[in-house]
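Working notes for the structure below.
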Amino acid sequence: MSEIEEILSEAKSLAKKYKKLTGKPLGITGEIAEFVAAQCLGLELAEARQSGYDATRLENGKEVKVQIKGRCIRKNTNPGQRLGKIRLDTEWDTVLLVLLDEDFEPVSMIEAARPEVEEALLAPGSKSRNERGALGIAKFKSIGTEVWSHERT
């Protein structure tokens, strides 16, 4: 186990204790999602606070910039849960949604290309989508493709 894996394991344990005591999330989902996405899909993580994308990969000799969104799906999760803000004014090629279970373990990863994400965000009718750049998980799943699943490993 690498030093980063050890630290994340401790962070997961602390986050679970914190949630149990306060009922609030500790806010480590994004970091865990980025790490497991890189590990499972062979992505190269970008520098911290890189505008627009969190990781890259080579695809047919071209660098693909991947924005990673993580969501913890618990047993009694609101079915209308949304991804964090997706900004159309920054540089990225795809969005990868990493779904984690209540123990912060990866369950599924769904990826959608920029054209599909833009179309969904700009579709009329939803203030959350149009003004806040927030897609629902169900909508994201409908426009994306599952690229990794715990059940397939």
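Please treat every number below as a calculation from the coordinates, not as lab data. In this text, all values refer to a predicted model and were calculated from it rather than measured experimentally. Note that each Cβ is placed from the backbone with ideal geometry, even for glycine, and that neighbours are counted across all protein chains shown.
Annotations for the structure displayed:
- Taking every alpha-carbon pair under 8 Å whose residues sit at least 6 apart, the stretch 1-115 reaches a relative contact order of 21 percent.
- Least to most buried among ASP54, ASP103 (fewest other Cβ within 10 Å first): ASP103, ASP54
- Cβ crowding within 10 Å, taken as a proxy for footprinting-reagent exposure, orders ILE68, ILE73 from fewest neighbours to most as ILE73, ILE68.
- Against the rule of thumb 2.2 N^0.38 Å, how large the Cα Rg of the stretch 15-84 comes out: 1.33
- Centre separation in Å (Cα based) which lies between the stretch 13-59 and the stretch 88-120: 12 Å
- The amide H of CYS72, built 1.01 Å from its N in the peptide plane, has LEU100 as neighbours under 5 Å, considering only residues 5 or more places off or on other chains.
- For the stretch 137-143, the Karplus equation 6.51 cos²θ - 1.76 cosθ + 1.60, evaluated at θ = phi - 60°, returns couplings of 4, 4, 5, 4, 4, 6, 9 Hz by residue, with Gly and Pro reported as x.
- Distant-in-sequence amide contacts of ALA46, defined by a placed amide H-H separation under 5 Å and a gap of 5 or more residues or a different chain, comprise ALA55, THR56.
- The stretch between ALA138 and GLU47 holds 29.8 nm of extra length on full extension. This uses 0.36 nm per residue minus the Cα-Cα distance.
- J(HN,Hα) series, the stretch 98-103, from Karplus relation 6.51 cos²θ - 1.76 cosθ + 1.60, nearest Hz, glycine and proline x: 9, 9, 10, 7, 5, 9
- Helices meeting the span-like rule in the chain (full DSSP H runs, Cα extent of at least 15 Å along the helix axis, mean Kyte-Doolittle score of 0.0 or higher): 29-41.
- Normalised size of the chain, defined as Cα radius of gyration per 2.2 N^0.38 Å with N residues, equals 1.04.
- Restricting attention to the stretch 25-153, the count of lysine pairs at 8 or more positions apart or across chains with alpha carbons under 17 Å apart stands at 8.
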